[in-house]
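A.B. asks: Can you keep this structure in mind? I'll have questions shortly.
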């Protein structure tokens, strides 16, 4: 029962952080839907989807590997090797993928895509590097179960990137280009801060890099990339099809409805999913497989009591909420919300 109490305690930290982050989404959602045209909002969703997929592949499953192996290397007093290997290795991979992505855009996609979209995709190549390295460093905090600091950093990350992006759009660089430039600047600032923070805490050097640790982390994490990639394809690949067959206006309507629907389910899924990983890995290492199964059984019952009432309550108010937040020009999007919310609620059960 102590593990469930720990889960509830740490989930409350993640939930508080998620609520604050969601507040940023609710604040920015009406701003972005009004600043950008329906077409531009659709392109924003398409570029963001491309970024999500690229980041998922680039991370090679390092974040779950960090959570998985942290307890073991801590018990062996090898955290310096563990931190150095995972950070330097993942940063090298991210830099390689970012350069490769930029070359693909230049050599292939620039020939048949709109020049504005090509410019945005070049920015994506930079965001791949910053986002991946930030995710790796914050994963160390998750593994350490430093939930309050982890959430504080995620909140700062979210608010600074949105605020700076919107500020640049209003005053300096109009359109989607200005918004993504703001994402890049905020990402670079946060990345330097995190590197400074961890270098003060533990020595991250090339001398501490361990090829066996790097190999074992990829061996464990890389198969999980396909699970994350499958999740992203399931949730976002339809946007490419909508853009292809129906155009950016239809995509903008769909993206608005989908984004609003995810706020409801992610408020429940995110805190539990993030809190449970370090806890069940710790139970597995210290108490064995049977105790881990008992933990999951209790957790699943608790999860079901929450997720479906929230989902159906959100469906009941979806139309009024959409018009209030995004304006009446997106009202048609309310029809897709029930399908998305129910689908995500069912999918969320598979996480446990």
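A.B. asks: For the range 319-337, state whether one or more residues are more than 26 Å from residue 35 (Cα to Cα) and either modelled with pLDDT of 90 or more or crowded, with 17+ Cβ neighbours inside 10 Å (or both). Explain how you work it out, then say what you get.
C.D. replies: If we filter the range 319-337 for residues that are more than 26 Å from residue 35 (Cα to Cα), which is where we start, we get none.
No, the range 319-337 contains no residue that is more than 26 Å from residue 35 (Cα to Cα) and either modelled with pLDDT of 90 or more or crowded, with 17+ Cβ neighbours inside 10 Å (or both).
A.B. asks: Separate question: Go through the range 163-186 and give me each residue that's in contact (Cβ under 8 Å) with a residue 24 or more places away in the chain and either buried (at least 21 other Cβ atoms within 10 Å of the Cβ) or not assigned by TED's automatic domain parsing to the domain that holds residue 126 (or both). Give the steps one after another, and end with the answer.
C.D. replies: Going residue by residue through the range 163-186, those that are in contact (Cβ under 8 Å) with a residue 24 or more places away in the chain are 166, 169-170, 175-177, 179-181, 183-184, 186.
Answer for the range 163-186, where residues must be in contact (Cβ under 8 Å) with a residue 24 or more places away in the chain and either buried (at least 21 other Cβ atoms within 10 Å of the Cβ) or not assigned by TED's automatic domain parsing to the domain that holds residue 126 (or both): 169, 176, 179, 180, 183, 186.
Matching residues to (1) part of a helix (DSSP H, G or I); (2) within 18 Å of the chain's Cα centre (by Cα); (3) modelled with pLDDT under 95:
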position	(1), (2), (3)
106	yes, no, yes
140	yes, yes, yes
150	yes, yes, yes
153	yes, yes, yes
161	yes, yes, yes
173	no, no, yes
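A.B. asks: Go through the range 191-214 and report how many residues are more than 21 Å from residue 56 (Cβ to Cβ) and in a helix (DSSP H, G or I).
C.D. replies: Of all residues in the range 191-214, those more than 21 Å from residue 56 (Cβ to Cβ) come to 192-193, 195-213.
Narrowing further to those that are in a helix (DSSP H, G or I): 192-193, 195-201, 206-208, 211-213.
Total meeting the criteria: 15.
A.B. asks: Quick one: residue 227 ticks every box in (1) closer than 30 Å to residue 81 by Cβ; (2) touching a helix residue (DSSP H, G or I) at 6+ places or on another chain (Cβ under 8 Å); (3) at pLDDT below 85 bar one, so which box is it?
C.D. replies: Status for residue 227: all satisfied but (2).
A.B. asks: Could you check, for the range 108-122, whether at least one of its residues is over 30 Å from residue 280 (Cα atoms), at pLDDT below 95, buried (at least 20 other Cβ atoms within 10 Å of the Cβ) and in the same structural domain as residue 214 (by TED's automatic domain parsing)? Write out each step before concluding.
C.D. replies: Keep residues of the range 108-122 that are over 30 Å from residue 280 (Cα atoms), which gives 108-122.
Now narrow it down to the ones that are at pLDDT below 95: 108-122.
After this cut, where a residue has to be buried (at least 20 other Cβ atoms within 10 Å of the Cβ) as well, the list is 120-121.
Narrowing the set further to residues that are in the same structural domain as residue 214 (by TED's automatic domain parsing) leaves 120-121.
The answer is yes; a qualifying residue exists.
The values are calculated or read from the model by the stated rules, or taken from the named source; none is laboratory data. Everything quoted here is computed from the prediction, not taken from an experiment. Glycine gets a Cβ as well: all are built from the backbone with ideal geometry, and neighbour counts include every protein chain shown.
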